[in-house]
Amino acid sequence: MAHTSRAKDFIEPDNPFNVGMTGMLGIESGYHATQECDTLLLLGADFAWTSFYPHRATILQVDNQATHLGRRHPVKLGVVGDIRTTLQKLLPRLPERQDDNFLQECLKLHQKSLHWLTEQEKPGHNGLIHPQYLVKLIDQMAADDAFLVGDSGTAMVWLLRHTTANGKRRTLASLIHGTMANAMPEALGIKNAFPHRQVIAICGDGGLSMLMGDLLTIVQEGLDIKIVILNNSALDFVEIEQKTEGLMNAFTDLHNPDWVKMAEAIGFKGLRVEHADQLPEAVAQWLAEPGPMLLDVKVNQYELVMPPTVTTGEVLHTALYSAKAILSGHGGEVVELIESNFLRR
């Protein structure tokens, strides 16, 4: 069983057949399972990225909305129906099979993919804070039934890849391409609906700056929401997309305010962290503090989102960006990019 981003909370927990998330935000094992299978059964999946559907497999789809059948990718058979009811009718008709070689292959690759994620969840060299390390600390210290909400962009990627689904938590993101600034307002609404559960908003600096006024609403309503800012002074995901197209950064730089001073001015408590050694204690303090609190974390500006598979075109375009950066006097950025993502210690 591979899953899409929206199915994380429901497929991952205690599932011996789970081989991970597929798609652009997914991992290698989830991608491999969907690409190399003979038959792909889509269960309520409205997955939009056609390049991540298999080329040779027979694709079947079950959905309770007829308009969803085949709208993302051609299917051999489309069935309108409730997933649970359909599977209950289908399972008795399937012959039991003893050959589980493909399952074992995918499970072995899943363990390799999880190890790859773990290697990213470590403090960086000379105190550098990788955002994956920050999100993993939050995952380890958050309540078992916490709501974890991530902004669109890299915050959403780290949330989906580096938090643990346990059947009680909810991980929420927009998951609609091109949206921004969803985490903090979603957290505001969730805390109103579930006042006794922990609510954590993982915000990009670009996303939070778009809706700073709603911070006043949190204070006005006395909502105990924890906000963390992945402060990299950039519209990070857009910048990565530009690099992989061979383009120099354009209109992605952010000149951020002093987030802690701004928080304190309106009634929040605030804390800033710039060194990885300070992070575990800061995260623990931030989560334990009663009432709303903002944690401003200076994360690595040059962190790349690595997809489960890298195409030749992406490599060539990124190399083109590197050449342009060096020729225009930004060679230091290229060095930082390489050291941050490929020479980790």
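Just give me the residues in region 137-166 being part of a loop (DSSP other than H, G, I, E, B), of a type in the set (G, A, S) and over 15 Å from V299 (Cα atoms), in sequence order. Walk me through how you get there before you give the answer.
Filtering region 137-166 down to residues part of a loop (DSSP other than H, G, I, E, B) leaves 142-146, 151-153, 163-166.
Pick out the ones that are also of a type in the set (G, A, S) and you get 142-143, 146, 152-153, 165.
Result: A142, A143, A146, S152, A165.
Yes or no, residue by residue, for (1) out of contact with any Phe, Trp or Tyr (no Cβ under 7 Å at 6 or more places or on another chain); (2) outside any loop (DSSP other than H, G, I, E, B); (3) open to solvent by less than 90 Å² (accessible area, probe 1.4 Å):
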residue	(1), (2), (3)
L60	yes, yes, yes
T67	yes, yes, no
H73	no, no, yes
V79	yes, yes, yes
T85	yes, yes, yes
K89	yes, yes, no
E96	yes, no, no
D99	yes, no, no
Exercise for the section: Among residues belonging to region 133-159 that are within 18 Å of I27 (Cβ to Cβ) and either at pLDDT 95 or above or among the aromatic types (F, W, Y) (or both), point out the one that is surrounded by the fewest Cβ atoms within 10 Å (Cβ to Cβ). Expected result: D139
Exercise for the section: Scan (1) at pLDDT 95 or above; (2) in a helix (DSSP H, G or I); (3) hydrophobic (A, V, I, L, M, F, W, C) for the single condition W116 breaks and write down its number. Expected result: (1)
Fill in the blank from the handout: With the first residue restricted to region 88-114 and required to be of a type in the set (D, E, K, R), and the second required to be surrounded by 10 or more Cβ atoms within 10 Å (Cβ to Cβ), Cβ contacts under 8 Å at 6 or more apart or on different chains are K112/E28; K112/S29
Practice task
Would you mind finding the one in T4, T39 that is without any contact (Cβ under 8 Å) to a residue 60 or more places away in the chain and surrounded by 21 or more Cβ atoms within 10 Å (Cβ to Cβ)?
Solution key: T4
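From R72, R56, grab the single residue that is basic (K, R) and either free of Cβ contacts under 8 Å to residues at least 24 places away in the same chain or touching a His at 6+ places or on another chain (Cβ under 7 Å) (or both).
Details: R72 fails: either free of Cβ contacts under 8 Å to residues at least 24 places away in the same chain or touching a His at 6+ places or on another chain (Cβ under 7 Å) (or both).
Unique residue meeting the criteria: R56.
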Fill in the blank from the handout: Exception for R56 within (1) of a type outside the set (F, W, Y); (2) touching a Leu at 6+ places or on another chain (Cβ under 9 Å); (3) open to solvent by 70 Å² or more (accessible area, probe 1.4 Å) falls at (2)
Practice task
Report yes if some residue within region 179-195 is open to solvent by 40 Å² or more (accessible area, probe 1.4 Å), outside any helix (DSSP H, G or I), modelled with pLDDT of 95 or more and out of contact with any Lys or Arg (no Cβ under 9 Å at 6 or more places or on another chain); otherwise report no.
Solution key: yes
Exercise for the section: Output the number of the condition that P280 fails; it satisfies all remaining conditions of (1) closer than 17 Å to I200 by Cβ; (2) modelled with pLDDT under 95. Expected result: (2)
Handout entry: Number of positions in region 199-230 that are open to solvent by 10 Å² or more (accessible area, probe 1.4 Å) and either hydroxyl-bearing (S, T, Y) or in contact with a strand residue (DSSP E or B) (Cβ under 7 Å, 6 or more places away or on another chain) (or both)
Key = 3
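The values are calculated or read from the model by the stated rules, or taken from the named source; none is laboratory data. These figures come from a predicted structure and were not determined experimentally. FYI the Cβ positions are ideal-geometry reconstructions off the backbone, even for glycines, and counts take in every protein chain you see. The area values use the complete protein model at the heavy-atom level, side chains included, leaving out ligands, DNA and RNA. Shrake-Rupley method; radii C 1.70, N 1.55, O 1.52, S 1.80 Å.
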